[in-house]
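> Let me begin by handing over the structure; questions about it come next.
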Amino acid sequence: EAGVTQSPTHLIKTRGQQATLRCSPISGHTSVYWYQQALGLGLQFLLWYDEGEERNRGNFPPRFSGRQFPNYSSELNVNALELEDSALYLCASSSPGSGANVLTFGAGSRLTVL
Amino acid sequence: QKEVEQDPGPLSVPEGAIVSLNCTYSNSAFQYFMWYRQYSRKGPELLMYTYSSGNKEDGRFTAQVDKSSKYISLFIRDSQPSDSATYLCAMSPDLYKLSFGAGTTVTVRA
């Protein structure tokens, strides 16, 4: 069974640009979560999508947005990139009914903003 | 004050030693407690999942939760070099609002 896949693995952008990160959940999983892992800060919750709808978002500015497609894959968009957006962005999925506590993570997309 | 506090380490132990990791928290509503392990260049993977207070054992791993002290621990017995990773505690008041610690980096020396 394929795990959670994320692309690209690495992404380098400059300040002010936009970044798009993609995630494919495990087959059968309908919920997708996005987390930011910056050095020394642990995982910070960004967004939760379930059945195509945004269910919750963390304490991040509106320039962080995303969507979930009918096949449950998801993309995260970060507009007007700032230097502090440099981080590992992790996508996770969970099966229906299991909630956010039992997550399967992808390997992440490392975003570097210069 | 962060909602979940975790000493980032790093922690270095010889092979065979007991590794002791812990987190403290401030939100008394937390009742689900997890430990995730993250290898370098990989995403976190769920290691232990407990509900409310008490102990849970799985092989060489033991998780303890003391809700009265707002303190959770993870013990790794007979540590192996393959246990070298970053360990993240996580907790939630329900099934949806997960809060992570910053992670403790552990190195087990052969």
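> Out of curiosity, is B:Asp78 surrounded by fewer than 18 Cβ atoms within 10 Å (Cβ to Cβ), farther than 29 Å from A:Gln6 by Cβ and among the charged types (D, E, K, R)? Let's see the steps before the verdict.
Working: surrounded by fewer than 18 Cβ atoms within 10 Å (Cβ to Cβ): yes; farther than 29 Å from A:Gln6 by Cβ: yes; among the charged types (D, E, K, R): yes.
In short, yes.
> Same structure, new question: Which residues, taken from the stretch A:64-97, are over 23 Å from B:Lys42 (Cβ atoms) and either within 14 Å of another protein chain (Cβ to nearest Cβ) or over 11 Å from the mean Cα position of the chain (by Cα) (or both)? Please lay out each step first, then the result.
The initial filter retains those residues of the stretch A:64-97 that are over 23 Å from B:Lys42 (Cβ atoms), namely A:64-65, A:67-71, A:77, A:79-84, A:96-97.
Answer for the stretch A:64-97, where residues must be over 23 Å from B:Lys42 (Cβ atoms) and either within 14 Å of another protein chain (Cβ to nearest Cβ) or over 11 Å from the mean Cα position of the chain (by Cα) (or both): A:Phe69, A:Pro70, A:Asn71, A:Asn79, A:Ala80, A:Leu81, A:Glu82, A:Leu83, A:Glu84, A:Pro96, A:Gly97.
> Same structure again: Restricting attention to the stretch A:98-112, report how many residues are facing chain B (nearest Cβ under 7 Å) and surrounded by fewer than 17 Cβ atoms within 10 Å (Cβ to Cβ).
1
> While we're on this one: Is it true that some residue in the stretch A:26-36 is of a type in the set (A, V, I, L, M, F, W, C), in a loop (DSSP other than H, G, I, E, B), in contact with a strand residue (DSSP E or B) (Cβ under 9 Å, 6 or more places away or on another chain) and at pLDDT below 90? Step through it out loud before you land on a result.
Step one: filter the stretch A:26-36 for residues of a type in the set (A, V, I, L, M, F, W, C), giving A:26, A:32, A:34.
Retained after the next criterion (residues that are in a loop (DSSP other than H, G, I, E, B)): A:26.
Checking which are in contact with a strand residue (DSSP E or B) (Cβ under 9 Å, 6 or more places away or on another chain) leaves us with A:26.
Remaining after also requiring at pLDDT below 90: none.
The answer is no, given that none of the residues of the stretch A:26-36 is of a type in the set (A, V, I, L, M, F, W, C), in a loop (DSSP other than H, G, I, E, B), in contact with a strand residue (DSSP E or B) (Cβ under 9 Å, 6 or more places away or on another chain) and at pLDDT below 90.
> Determine the pairs where a residue that is charged (D, E, K, R), located within the stretch A:1-13, has a partner that is at pLDDT 95 or above and in a strand (DSSP E or B) with Cβ atoms under 6 Å apart, the partner being 6 or more residues away or on another chain.
Every condition considered, the pairs that remain are A:Lys13/A:Ala19; A:Lys13/A:Val113.
> Only one of B:Glu15, B:Glu3 is in contact with a Lys or Arg (Cβ under 7 Å, 6 or more places away or on another chain) and either farther than 30 Å from A:Gln6 by Cβ or within 11 Å of chain A (Cβ to nearest Cβ) (or both); which? Walk me through how you get there before you give the answer.
Numbers: B:Glu3 fails: in contact with a Lys or Arg (Cβ under 7 Å, 6 or more places away or on another chain).
Only one candidate passes the filter, namely B:Glu15.
Listed here are the residues, each with its yes/no results for (1) under 25 Å from A:Leu114 (Cα atoms); (2) in contact with a Ser or Thr (Cβ under 7 Å, 6 or more places away or on another chain); (3) not polar (S, T, N, Q).
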| site | (1), (2), (3) |
| --- | --- |
| A:Val4 | no, yes, yes |
| A:Gly16 | yes, no, yes |
| A:Arg22 | yes, yes, yes |
| A:Gln37 | yes, no, no |
| A:Leu41 | yes, no, yes |
| A:Phe60 | yes, no, yes |
| A:Asn71 | no, no, no |
| A:Glu75 | yes, yes, yes |
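> Can you pull out the residues in the stretch A:37-48 that are assigned to a strand (DSSP E or B), of a type in the set (A, V, I, L, M) and either facing another protein chain (nearest Cβ under 10 Å) or touching a helix residue (DSSP H, G or I) at 6+ places or on another chain (Cβ under 9 Å) (or both)? Even if it seems obvious, please write down each step before you answer.
Applying the first criterion (assigned to a strand (DSSP E or B)) to the stretch A:37-48 yields A:37-38, A:42-48.
From what's left, of a type in the set (A, V, I, L, M): A:38, A:43, A:46-47.
Of everything in the stretch A:37-48, those that are assigned to a strand (DSSP E or B), of a type in the set (A, V, I, L, M) and either facing another protein chain (nearest Cβ under 10 Å) or touching a helix residue (DSSP H, G or I) at 6+ places or on another chain (Cβ under 9 Å) (or both) turn out to be A:Ala38, A:Leu43.
> Looking at B:Ser79, is it within 14 Å of chain A (Cβ to nearest Cβ) and among the polar types (S, T, N, Q)?
On the way: within 14 Å of chain A (Cβ to nearest Cβ): no; among the polar types (S, T, N, Q): yes.
When the stated conditions are applied, B:Ser79 does not pass them.
> Test B:Ala90 against the criterion of being within 14 Å of another protein chain (Cβ to nearest Cβ), surrounded by 14 or more Cβ atoms within 10 Å (Cβ to Cβ) and outside any strand (DSSP E or B), and give yes or no.
No.
The values are calculated or read from the model by the stated rules, or taken from the named source; none is laboratory data. All values derive from a computational prediction rather than experimental measurement. We place every Cβ from the backbone using ideal geometry, glycine too, and count neighbours over all the protein chains shown.
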